[in-house]
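These notes are about the structure you will find just below.
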Amino acid sequence: SSGVMYYYRVRAVNANGVSESSNVISAITIPSNPVATDATLITTSSFQANWNAVTGAANYKLDVSTNDAFSSFVTGYNSLTVSGNSLDVAGLAINTSYYYRVIAENESGISGNSNLIAVTLIPVAGSDPAMVPAITELVGC
């Protein structure tokens with residue numbers, strides 16, 4: 001199973017008998033892929049990225065991008081180490097859509113990527129041309 005600690009010891013066997021047991025060795029398996037959940041606390045320039053905790057994970061690595069291929073990253077959010085299962089992502093451009101994903105990590109290695117979550121920041125009032133009233137008729141000119 002993923003993220004589980006296993007313990008083992010060995011003994012040698014031959015025609016003369018069985019040896020003493022070795023010391024106990026432990027090994028943890030690589031964690032399973034995290035499941036990213038919807039962003040919360042969305043504002044005009046920030047959001048909180050969230051994901052479910054993974055058994056056996058020591059920490060997580062968060063990626064944030066403006067494209068779903070993750071061909072580029074938001075500065076400071078390329079494999080950012082996070083100890084919990086959420087992080088406030090701040091200092092973002094207004095009226096921009098973002099994507100995030102996360103991996104779990106422990107001493108044995110890293111999981112695969114989580115699912116992607118798309119986040120659209122709250123628009124700044126008056127910044128969306130579709131939301132600005134247009135003058136359609138002048139009266140009395």
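The values are calculated or read from the model by the stated rules, or taken from the named source; none is laboratory data. Being a predicted model, the structure only gives us computed values, none of them experimental. FYI the Cβ positions are ideal-geometry reconstructions off the backbone, even for glycines, and counts take in every protein chain you see. To get the accessible areas, we keep the full protein, side chains included, count just its heavy atoms, and leave off ligands, DNA and RNA. Shrake-Rupley method; radii C 1.70, N 1.55, O 1.52, S 1.80 Å.
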Hey, rough spin-label estimate for T66 and S19, points 7 angstrom out along Cα→Cβ, what's it come to in nanometres? 6.1 nm
In the Gaussian network model of the chain, springs joining C-alpha atoms below 10 Å, which of A118, A57, A49 carries the largest mean-square fluctuation? A118
Karplus-derived 3J(HN,Hα), 6.51/-1.76/1.60, for each residue of segment 5-12, Hz, glycine and proline x: 8, 10, 10, 8, 8, 10, 9, 9
Give the Rg (one decimal place) followed by the Dmax (whole number) of segment 15-67, computed from C-alpha coordinates and expressed in Å. 21.7, 75
Can you work out ³J(HN,Hα) from phi for every residue in segment 41-49, in order, using Karplus 6.51 cos²θ - 1.76 cosθ + 1.60 and θ = phi - 60°, giving whole Hz and x for Gly and Pro? 6, 6, 10, 6, 9, 7, 7, 9, 7
For the chain, with +1 on Lys and Arg beta carbons and -1 on Asp and Glu, the positive-most of T43, Y8, N113 along the dipole: Y8
Among (1) 2, 9, 15, 14, 12, 9, 7, 6, 5, 5, 4, 3, 3, 2, 1, 1, 1, 0, 0, 0, 0, 0, 0; (2) 2, 10, 20, 24, 23, 15, 6, 1, 0; (3) 2, 9, 11, 10, 9, 11, 15, 15, 9, 4, 2, 1, 0, the entry derived from the coordinates for P(r) over Cα pairs in 5 Å bins from 0, in percent: (1)
Given H placed 1.01 Å from N in the peptide plane, which residues other than close sequence neighbours of I28 have an amide H under 5 Å from its amide H? Y6
Fraction of accessible area attributable to carbon and sulfur, the chain (%, probe 1.4 Å): 53 percent
Under a Gaussian network model of the chain whose springs join Cα atoms within less than 10 Å, the largest fluctuation of V54, V18, V119 belongs to V18
Cβ-placed point charges (K, R +1; D, E -1), dipole of the chain about Cα centre in debye, nearest 20: 560 debye
